[in-house]
Amino acid sequence: MAIRVATFNIGAHFTTNSGGFYYPDYSLRAPGTPDHDSVRDILGRIDADVVALQEIHNADISGNHVIALATSLGYPHVFIAPATNAFDT
């Protein structure tokens, strides 16, 4: 049995604050926005069994945008790695 796995970099937009530090301003956003719907359409065409997303913004997690994306694509399970003690932010 073959399993199709894909990784997808959401491509968070980074901006700087007054201290010169970079931080993500947005990435996936809510369903119905061009960002979210474009990612959904691309992943739908890829039709992978498992998808790993990179550069997910905290607002996408707290706003359930990742869950909404998975649901719209028919993925029954979602795992969001903890941000503490992570290899990268």
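Values in this text are rule-based calculations from the coordinates and carry no lab data. Since we're looking at a predicted model, the values are computed, not measured. Virtual Cβ from ideal backbone geometry, glycine too; neighbours counted across all protein chains shown.
Annotations
- Counted charge near VAL5, where neighbours are those whose Cβ lies closer than 15 Å (Asp, Glu -1; Lys, Arg +1): -1
- Each peptide in 32-45, 53-66, 71-84 was scored by the mean count of other Cβ atoms within 10 Å over its residues; highest first, the order is 53-66, 32-45, 71-84.
- Cut-off 12 Å between beta-carbons: net charge of the residues surrounding SER72, Lys and Arg +1, Asp and Glu -1: -1
- 15 Å beta-carbon shell around ILE42, net charge (K/R +1, D/E -1): -1
- Inter-label distance, nm, simple model (7 Å from Cα along the C-beta direction), SER62/ASP49: 3.6
- Between SER72 and ALA2, the C-beta separation translates, for a Förster distance of 30 Å, into a calculated FRET efficiency of about 0.80.
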